[in-house]
Amino acid sequence: MTAVRRARDLARVALPKSVGERLPAAPPQEVTELLHDKRFQGAVAEQAKEQGRPEEEVWSEVKGYLHEMSAAHDDRTAQGWARMGEWFLRAYDVLVDEDDMQALKRLDRTHSLALAFSHRSYLDGMVIPNALSSRRFSPTYTFGGANLNLPVIGTVASRTGLIFIRRSTQEIPVYRLALRSYIRQMVTNKRNMAWSIEGGRTRTGKLRPPVHGILKYLTDSVDGDDAPDVQVVPMAVVYDQLHEVSLMTEEARGGSKTPEDWRWLVRFARLQRNRLGRAYLTVGEPFSLRERMQALADEGVTGHQAVERIALDISHRLNRATPVTVTAIVSLALLGADRALTVDEVLDTVEPLATYIEARQWPVAGAADLRDRSTIRRALAELARSGVLTAYDGGTEPVWKIGDDQHLVAAFYRNTVIHILVERAIGELALLTVSELEPDAELPPGGELQVGWEEAKRMRDLLKFEFFFPSRAGFEDDLRTELQLLVGEGAGNEGGDMTPVRARELLANARPHLAHLVLRPFLDAYLVLADRLADRGDSTVDEDDLLADSLAVGQQWALQRRVASAESISLELFRTAMSLARHKGLLEGGDGLGSAREAFAAELREAVRRVNVIGEIAGEPTQVVVHVVPESQAEAEAQPQDTR
């Protein structure tokens, strides 16, 4: 059967008969209103003047963009689209917290909702609208990439509220004017809107840095005394497993992204025939966008800085709303071991994690019992069935391990919860730093404990391009909470009686140990890139060449066991490491820069050593080959480290 015939069959699954023949003759309401709006007409005239172009020519261009991005809601088409969404989601049971939905529905009656969702799958665009429409929310308009605007089905989708927008518009000022004005009109008309705050799907499982475009236009729309307000609602979608993760991990290893076309859509639809468990939709804490803008203005924070602050706030709320899945915890246990484990060994690893998760009151998806043997065994079986794990039952009892070339897939699932573990892992490194102090070490004001605080802040700066950390004050508050869980009330206070001996005792008795499970994959990847950067001496760096070199050498190091896991060999992680190097001014080249690059590599080498020590304290067998630093690097390692 040809792809075209499959496409027709796919469209026939749920769409109303001849829906493609019933396209609206008139433009949607927002477009009509904009074209007659004096403010918009003045903006178009101003744009024409700035570009030195005839106004009629700019009007023709802006009308084309408005019709390209405009969407409407047709009841009959929306019903058919919802049925097709259910068919695409047939691999999952979708779980929604009904109490959260009822609270959100009350907000929907009185406010325009801006639904900022996390983006792990193409299916997100079906989970959220279907969940809302089945509960009779006001129609939702969802922003999606223009790359998904496929012939026929894209036209149908635009009649269900899907707004296709271009990703790169820096060189198209008229397009940006059209989109900004269209969003303002949507807000004026009190429409509900949904978009991915990440701008695209995550390739690692954890939340990507926020993209500010749509949020910037939303903040512009609520600016002014007579402007309508918008309630921003973070919404997290997480899955037990995803068929598309294997394709994304191939990209992380250097493969090309599969273009979205009819053949891709048919293949994607066919993959959903195989059951993969559950999808979980959770609602974060909403907030008034206008009130937040006003509060920031009172602090003297305006413009782009205000948008950045709001975007980070949304990301933090999304992380807090993301539940812990059994798949993520099992993946964490097996990635940390990187060897075959029995069910009992997995349970032994998970039990202290479950205790920690309860203490921090993090939500668990489906209210699953992480200590339940049958729950863990079922997750192992499901991961083995999809090929992420391999199982061996020819001995005295079954054992499971990460499958060949499946480390990045397992890491994707683990990373959906990694944000809840990072500060605890940093707290362990802070204690380790105190425990390694020499008896005659010169101490700063505040004593040994202050040394630990400084180490925690240094690690925060080292990983700030990888994870969402709160402000420095908020980070210290969170770290005190972690230290209190680690060592008891009062231990997080400045000037406490922390000593190297006491720190060693606390680390030895702490459960769970997380630094080696959580931080090592990222620090190993950073070290690979830093090593290749240092190899270039003072010369200017070609970034594509550096990434390719890091990928090749990283694969060599993985074979030599100079990195703990193959999951560290990822272009996504290397790109983040390069962002850190760029921030430190290490990419441009210049006299003396080679020494700074060597110091960067030495800093990461020391960080990796520390997480390996935590692994040893946790009872982990030594698996990583220690890289001996040549004598020529000794002087570079002694240089002061850049901890900006």
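Where Rh denotes the Kirkwood radius from the mean inverse Cα pair distance, what is Rg over Rh for segment 193-268? Ratio value, two decimals: 1.09. Can you tell me which aspartates and glutamates have their Cα less than 17 Å from the Cα of K63? Leave out same-chain residues fewer than eight positions away. Partners found: E30, E33, D37, E46, E55.
The share of C-alpha pairs in segment 170-309 whose separation exceeds 25 Å stands at 45 percent.
Size descriptors for segment 234-279: radius of gyration and Dmax over Cα atoms are 12.4, 33 Å. Which of the trypsin sites (Lys or Arg not before Pro) across segment 94-154 are loop residues per DSSP, with 10 or fewer other Cβ within 10 Å? Those satisfying the criteria are R136.
With r defined as the distance between the Cβ atoms of A295 and F475 and R0 fixed at 22 Å, what FRET efficiency is calculated, to the nearest 0.05? Between A295 and F475 the formula returns 0.60. When the square roots of the Cα gyration tensor eigenvalues are ordered a ≥ b ≥ c, the ratio a/c for segment 445-484 is 1.5 or more and a/b does not exceed b/c, which makes its shape oblate.
Taking Cα centre as origin and charging only the Cβ of basic (Lys, Arg, +1) and acidic (Asp, Glu, -1) residues, the dipole magnitude of the chain rounds to 3320 debye. Surface composition of the chain: carbon plus sulfur atoms hold 48% of the accessible area, using a 1.4 angstrom probe and ignoring ligands, DNA and RNA.
Please state, as a whole number in µm²/s, the translational diffusion coefficient that the Stokes-Einstein equation yields for segment 141-214 at 37 °C and 0.692 mPa s, with Rh defined as the Kirkwood radius across alpha carbon pairs.
241
Semi-axis lengths, largest first, of the ellipsoid equivalent to segment 91-206 are 24, 19, 14 Å, with √(5λ) applied to each eigenvalue of the Cα gyration tensor. Geometric descriptor of segment 229-334, per residue, is 182 Å³ (volume of the convex hull of the Cα atoms).
From Cα pairs below 8 angstrom and at least 6 apart in sequence, can you work out the relative contact order of segment 228-329, rounded to a whole percent? It would help to have the intermediate numbers written out before the result.
Details: 92 pairs, mean separation 48.9, N = 102.
In percent, rounded to a whole number, it is 48.
Computed on the Cα atoms alone, the convex hull of segment 23-157 gives a volume of 157 cubic angstrom per residue.
Tell me which lysines have Cα within less than 27 Å of K401's Cα, excluding those fewer than 8 residues away on the same chain? Within reach: K206.
Amide H contacts of V324: V364, A365, each under 5 Å away and 5 or more positions distant or on a separate chain (H built 1.01 Å from N in the peptide plane; Pro and chain starts excluded).
Can you give the net charge of the other residues whose Cβ lies under 14 Å from the Cβ of R317, counting K and R as +1 and D and E as -1?
Once all neighbours under 14 Å are counted, the net charge is -1.
A simple rule links phi to the HN-Hα coupling: the Karplus curve 6.51 cos²θ - 1.76 cosθ + 1.60 with θ = phi - 60°, which for segment 362-372 gives 7, x, 10, 4, x, 6, 5, 8, 5, 9, 7 Hz, with x for Gly and Pro.
Too long at a 19 Å Cα-Cα cut-off: which of K216/K457; K105/K190; K216/K584; K457/K584; K105/K216? The answer is K216/K457; K216/K584; K105/K216. Please determine, in degrees from 0 to 90 and to the nearest 10, the orientation of helix 571-583 with respect to the longest principal axis defined by the Cα atoms of the chain, where the helix direction is its Cα long axis. Tilt relative to the chain: about 80 degrees. Just to be sure I understand the curve: with the Debye formula and one point per C-alpha of segment 427-567, what is log10 I(q)/I(0) at q = 0.13, 0.16, 0.17 Å⁻¹? Here log10 of I(q) over I(0) equals -0.71, -0.93, -0.99.
Considering only F468, V343, Y356, the residue lying farthest towards the positive end of the dipole of the chain is V343, judged by Cα position with unit charges set on Cβ. Ordered by solvent-accessible area of protein heavy atoms (1.4 Å probe), largest first, the residues K63, K206, K464, K38 come out as K38, K63, K464, K206.
Among beta bridges identified by DSSP and lying wholly in the chain, the antiparallel ones come to about 35 percent. Along the chain, the exposed loop sites are GluC sites (Glu not before Pro) outside DSSP states H, G, I, E and B with at most 11 other Cβ atoms within 10 Å, and the longest stretch free of them is 1-170. Volume per residue for segment 396-505 equals 171 cubic angstrom (convex hull of Cα atoms). On a per residue basis, the chain carries 44 Å² of accessible surface, using protein heavy atoms and a 1.4 Å probe. Summarising the overall dimensions of segment 57-119 from its C-alpha atoms, the Rg and Dmax are 17.4, 52 angstrom.
Over all Cα atoms in the chain, the spread is summed up by Rg and Dmax: 26.3, 83 Å. In segment 494-553, Rg over Rh equals 1.27, where Rg is the alpha-carbon radius of gyration and Rh the Kirkwood radius from pairwise Cα distances. Relative to the longest principal axis of the chain, what angle (0 to 90°, nearest 10) does the C-alpha long axis of helix 520-534 take? The answer is roughly 90 degrees. Measuring max minus min along each principal axis, the C-alpha atoms of segment 500-619 give extents of 48, 29, 21 Å (largest first). Distances between placed amide hydrogens fall under 5 Å for F164 paired with G144, all partners being 5 or more residues away or on another chain.
Under the shape rule built on the C-alpha gyration tensor, where the axes satisfy a ≥ b ≥ c, segment 330-402 is prolate, since a/c reaches at least 1.5 and a/b is greater than b/c. Within the straight-line cut-off of under 13 Å between alpha carbons, the aspartates and glutamates reachable from K257 are E244, sequence neighbours fewer than 8 places apart in one chain being disregarded. The 3J(HN,Hα) values that the Karplus relation (6.51, -1.76, 1.60; θ = phi - 60°) gives for segment 188-203 are, in residue order, 4, 8, 6, 7, 8, 10, 10, 7, 7, 5, 7, x, x, 5, 5, 9 Hz. Gly and Pro appear as x. A cut-off of 5 Å between modelled amide H atoms, ignoring neighbours fewer than 5 places along the same chain, links V94 with A279.
One quarter of the convex hull surface built on the alpha carbon atoms of segment 538-587 amounts to 3.7 nm², the projected area averaged over directions. Along segment 585-602 the Karplus relation, 6.51 cos²θ - 1.76 cosθ + 1.60 evaluated at θ = phi - 60°, assigns HN-Hα couplings of x, 9, 9, 6, x, x, 4, x, 6, x, 5, 5, 5, 4, 5, 4, 5, 5 Hz to successive residues, with x for each Gly and Pro. Taking a ≥ b ≥ c as the square roots of the Cα gyration tensor eigenvalues, with a/c under 1.5 meaning rounded and otherwise prolate when a/b beats b/c, else oblate, which class fits segment 259-396? Since a/c reaches 1.5 but b/c is at least a/b, the shape of segment 259-396 is classed as oblate. Estimated from helical segments only, the mean residue ellipticity of the chain at 222 nm is -17000 deg cm²/dmol, where each DSSP H run of four or more residues counts as -39500 (n - 2.57).
The values are calculated or read from the model by the stated rules, or taken from the named source; none is laboratory data. What you see is a predicted model; the values in this text were computed from it and never measured. Backbone-built Cβ (ideal geometry, glycine too); neighbour counts: all protein chains shown. The area values use the complete protein model at the heavy-atom level, side chains included, leaving out ligands, DNA and RNA. Shrake-Rupley method; radii C 1.70, N 1.55, O 1.52, S 1.80 Å.
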